[in-house]
Amino acid sequence: MKIIEPTETIGLVGAGVMGLAAASALRDRGWRTLIFETAPGARDRAAGQGFTLAPDIAALAAAGRAALLFLPGPREVAQVVAGPGGFLETAPAGSVIVDLSTSSPTASREMSRVSAARGCSFLDAPILGRPDTVGRWTLPVGGDEAALETVRPLLSALAGVIRPLGESGLGHTAKLLNQLMFGAINAMTAEMMALSDRLGLKPALLYDLISGSRAATVSGLFLELGRRISEERYQDPTFTLDLLQKDTRLALDMARDAGAPVVLGRMVEYLNECGRGQGLGNRDTSVLWRAVAGMWSLKSDPAAGPGGGPG
């Protein structure tokens, strides 16, 4: 297969936080992108930044040989790739679909199968990294290595490390394992900050103390979460609690299918659901500490009502 060059137009589906960061990085490096997005707010942001919007997936599929997907999960990926009006209906043979979403290994293997039946390739290449590190992301990749070499110049504009792992689905396997760890760090940070507040030590002060230390517990994720908690900044999410819960469930399903029941992951799932039950799902994951504190307030004061705890 011929290597895809910057002279070709690249289709990009999903202009959320990560998709728009990728589109901007590609443009900065000389790549032309055509974006398909259905959410009005995301469409407006993309258009406001000067990107060209496709009216439908068919137009995007006709524009070039590569499509990058930044979608919420496996259902949306399946609709875009193989559903009515999806990419495979009109994509020319030899096209490569790269799924940078966080999805299911099982779903990825199915998308790879149906893509191959239409003469196309499907790679699962979920992102390890945050929006502001675009260009230095790590992409674990599952799927055909020849197809990967076709799009490597394109992916190199987004990632510092591109690691082929083997068969289809293994990219998402690696990402979901990473998300289990993300969830555990997020949950422990939330519980620690809520307990700190209950004991009379302001969370911002605790964060300042720990983040400035040389303690082995100081990770990049803790620094980000603790900073948001200190600033009470949850409304402009880097990653929402809803999305973390979706990833956690996909990881738990993967573990169950492998006959490997996990313990900590299920505890994280419970805490995330408590947060979502308090109406915090669309906020940054750092807000989870409010949910924990709210649970304790309800136990100590049944009249407190939902969403009790720090204001």
Original post:
Local charge sum around Gly94 (other residues, Cβ-Cβ under 15 Å, Lys/Arg +1, Asp/Glu -1)?
Top reply: -1
Subject >> Spin-label pair Cys274/Ala260, simplified geometry with 7 Å Cα→Cβ offset, distance in nm >> reply: 2.7 nm
Original post:
Which whole-number percentage describes the relative contact order of the chain, with Cα contacts under 8 Å and a sequence gap of 6 or more?
Top reply: 13 percent
**OP:** State the dimensionless ratio Rg/Rh of the chain (Rg: radius of gyration of Cα atoms; Rh: Kirkwood radius).
**Re:** 1.01
**OP:** Kindly express, to the nearest 10 degrees and within the range 0 to 90, the angle between helix 264-277's C-alpha long axis and the longest C-alpha principal axis of the chain.
**Re:** 80 degrees
Original post:
In a GNM of the chain with a 10 Å cut-off on Cα contacts, which of Asp124, Asp257, Asp284 has the highest mean-square fluctuation?
Top reply: Asp257
Original post:
What residues from the stretch 46-81 fall in the zone where the backbone N is under 12 Å from a label point 7 Å along the Cα-to-C-beta line of Arg27?
Top reply: 46-53
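Using R₀ = 25 Å, calculate the FRET efficiency as 1/(1 + (r/R₀)^6) where r is the Cβ-Cβ separation of Ile210 and Asp132; round to 0.05.
0.65
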Original post:
Tell me, what is the 1.4 Å probe accessible area of Phe51, in Å² to the nearest 10?
Top reply: 20 Å²
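From Cα pairs below 8 angstrom and at least 6 apart in sequence, can you work out the relative contact order of the stretch 142-253, rounded to a whole percent?
It comes to 28 percent, rounded to a whole number.
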Subject >> Probe 1.4 Å, protein heavy atoms only - accessible area per residue of the chain in square angstrom >> reply: 45 Å²
Subject >> Spin-label pair Arg113/Met181, simplified geometry with 7 Å Cα→Cβ offset, distance in nm >> reply: 3.1 nm
Subject >> Projected label distance in nm at Val161 and Gln235, using a 7 Å step from Cα toward the beta-carbon >> reply: 3.7 nm
**OP:** Roll a 1.4 Å probe over the protein heavy atoms and report the accessible area of Lys202 in Å², nearest 10.
**Re:** 140 Å²
Original post:
When the C-alpha atoms of the stretch 1-122 are aligned to their principal axes, what extent does each axis show, in angstrom, from largest down?
Top reply: 37, 30, 22
Subject >> Length-normalised contact order of the stretch 53-208 in % [C-alpha pairs under 8 Å, at least 6 apart] >> reply: 18 percent
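The values are calculated or read from the model by the stated rules, or taken from the named source; none is laboratory data. This one's a predicted model, so the numbers in the text were calculated from it and none came from an experiment. When we count neighbours, we look across all protein chains shown, and the Cβ atoms used for this are built from the backbone with ideal geometry, even at glycine. Quick note on the areas: whole protein, heavy atoms, side chains included, nothing else; ligands and nucleic acids left out. Shrake-Rupley method; radii C 1.70, N 1.55, O 1.52, S 1.80 Å.
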